[in-house]
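The values are calculated or read from the model by the stated rules, or taken from the named source; none is laboratory data. Just so you know, these numbers come straight off a predicted model, no measurement behind them. Here the Cβ positions follow ideal geometry from the backbone for every residue, glycine too, while neighbour counts run over all protein chains shown. The protein model used for the area step is the full one, side chains on, heavy atoms only, and it has no ligands, DNA or RNA in it. Shrake-Rupley method; radii C 1.70, N 1.55, O 1.52, S 1.80 Å.
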Amino acid sequence: MKTAAGQFTPVPGDIEANVRSMSALIRAASAQGARLVVFPELAVTGYELKLIADDPELCVAPDDPRLQPVRDACRATSTAAVVNCAARTPGGRPTIASLALGPNGELLARYDKLHPYGDELDLFEAGTEDGRFTLDGVRFAMAICYDNRFPELAERARADNCRVYVASSALEVGNDSFESVYPVRARDNGLYVLLANPVGRSEVGECGGGSAIWGPDGSLLATAGGGSPGLAVAELRL
């Protein structure tokens, strides 16, 4: 199975533009044979906590019509996607959520970030359950940025028979996670690890891309490089 980690420069608060960018990357990944594409943390709005706090309309629901172009791209290419957003909840504060959309555009799973960090704690509720979905018979685990600092998430994924660990993140240039977190989670648990990280300015600082895929031994299989939109695509030997 080929998978991809996609990166782009989100337009702050512009859901339509960001959905359009993700849709284009889904189609580009499919052209390279990818069956799944993962996107960065808060890709739908950009990592812009102040904007989200000031405008509740920047929070979306899984069936939000503004996400329809992504669902259409999945359906047109028979490609699954993990889209990260500020997500509405039934009665409380929003969460930072990864929505796993299947090749028919249907919602496979929703994962709410278990460990909000820093200023996120003032705005978002923490999730309560691990995120899992199955694609082509392969079990996937989801995690979001600071979650990955907690090794027990990947340990639970391994114990739950997951083969692939999907991480949506927003990491500034110079963050040590590229060396000390993601490849370690892969090697310590025998998992493929996909990391999607944005490009450009955000509230966390300047993000330099570097979206990547690591093998179960911790080796780097693919990277999208830094500084420009693109894809890291790799064949997973599952």
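For the stretch 172-198, name all the residues that are open to solvent by 10 Å² or more (accessible area, probe 1.4 Å) and of a type in the set (A, V, I, L, M).
173, 184
Considering only the stretch 89-101, how many residues are small (Gly, Ala, Ser) and more than 14 Å from the chain's Cα centre (by Cα)?
So the count comes out to 2.
Within the stretch 108-127, restricting attention to residues that are among the small types (Gly, Ala, Ser) and within 24 Å of residue 63 (Cβ to Cβ), which residue is nearest to the chain's Cα centre (by Cα)? Write out each step before concluding.
The initial filter retains those residues of the stretch 108-127 that are among the small types (Gly, Ala, Ser), namely 109, 118, 126-127.
Still in the running and within 24 Å of residue 63 (Cβ to Cβ): 109, 126-127.
Values: 109: 13, 126: 17, 127: 16 Å.
Filtering the stretch 108-127 for residues that are among the small types (Gly, Ala, Ser) and within 24 Å of residue 63 (Cβ to Cβ), the one nearest to the chain's Cα centre (by Cα) comes out as 109.
Report yes if some residue within the stretch 159-171 is modelled with pLDDT of 95 or more, in contact with a Lys or Arg (Cβ under 9 Å, 6 or more places away or on another chain), part of a helix (DSSP H, G or I) and open to solvent by 40 Å² or more (accessible area, probe 1.4 Å); otherwise report no.
Checked against the condition, which is being modelled with pLDDT of 95 or more, in contact with a Lys or Arg (Cβ under 9 Å, 6 or more places away or on another chain), part of a helix (DSSP H, G or I) and open to solvent by 40 Å² or more (accessible area, probe 1.4 Å), the stretch 159-171 yields no hits at all.
Determine whether the stretch 32-45 contains at least one residue that is over 14 Å from the mean Cα position of the chain (by Cα) and either closer than 17 Å to residue 101 by Cα or free of Cβ contacts under 8 Å to residues at least 60 places away in the same chain (or both). Even if it seems obvious, please write down each step before you answer.
Going residue by residue through the stretch 32-45, those that are over 14 Å from the mean Cα position of the chain (by Cα) are 32-35.
Retained after the next criterion (residues that are either closer than 17 Å to residue 101 by Cα or free of Cβ contacts under 8 Å to residues at least 60 places away in the same chain (or both)): 34-35.
Within the stretch 32-45, one or more residues are over 14 Å from the mean Cα position of the chain (by Cα) and either closer than 17 Å to residue 101 by Cα or free of Cβ contacts under 8 Å to residues at least 60 places away in the same chain (or both).
What residue, of 132, 187, is part of a helix (DSSP H, G or I) and under 22 Å from residue 1 (Cβ atoms)?
187
Quickly run through the stretch 10-35 and pick out the residues that are in contact with a Pro (Cβ under 9 Å, 6 or more places away or on another chain), buried (at least 21 other Cβ atoms within 10 Å of the Cβ) and not small (Gly, Ala, Ser).
Hits for the stretch 10-35 are 10, 18, 19, 22, 25.
Do we have residue 51 as within 24 Å of residue 202 (Cα to Cα) and not acidic (Asp, Glu) here?
Here the answer is yes, as residue 51 does meet what is asked.
Could you list, in sequence order, the residues of the stretch 132-158 that are closer than 18 Å to residue 213 by Cβ, surrounded by fewer than 20 Cβ atoms within 10 Å (Cβ to Cβ) and touching a Cys at 6+ places or on another chain (Cβ under 9 Å)?
Listed by number, the residues that qualify are 138, 139.
Search the stretch 203-238 for residues being part of a loop (DSSP other than H, G, I, E, B) and of a type in the set (Asp, Glu), and hand back the single one that is modelled with the highest pLDDT.
Filtering first and then ranking leaves 217.
Do we have any residue at all in the stretch 21-31 that's touching a Lys or Arg at 6+ places or on another chain (Cβ under 7 Å) and not small (Gly, Ala, Ser)?
no
Count, please, the residues in the stretch 102-145 that happen to be of a type in the set (Ser, Thr, Tyr) and farther than 17 Å from residue 38 by Cβ.
The number of residues fulfilling the criteria is 2.
Among the numbered criteria (1) surrounded by 19 or more Cβ atoms within 10 Å (Cβ to Cβ); (2) β-branched (Val, Ile, Thr); (3) in contact with a Leu (Cβ under 8 Å, 6 or more places away or on another chain); (4) more than 16 Å from residue 195 (Cβ to Cβ), which single criterion is violated by residue 128?
The number of the failed condition is (1).
Here are some residues: 60, 44, 19. Which one is among the β-branched types (Val, Ile, Thr) and under 23 Å from residue 226 (Cβ atoms)?
The unique qualifying residue is 44.
From the residues in the stretch 103-114 that are touching a strand residue (DSSP E or B) at 6+ places or on another chain (Cβ under 8 Å) and of a type outside the set (A, V, I, L, M), which one is most open to solvent (accessible area, probe 1.4 Å)?
Ranking the candidates gives 110 first.
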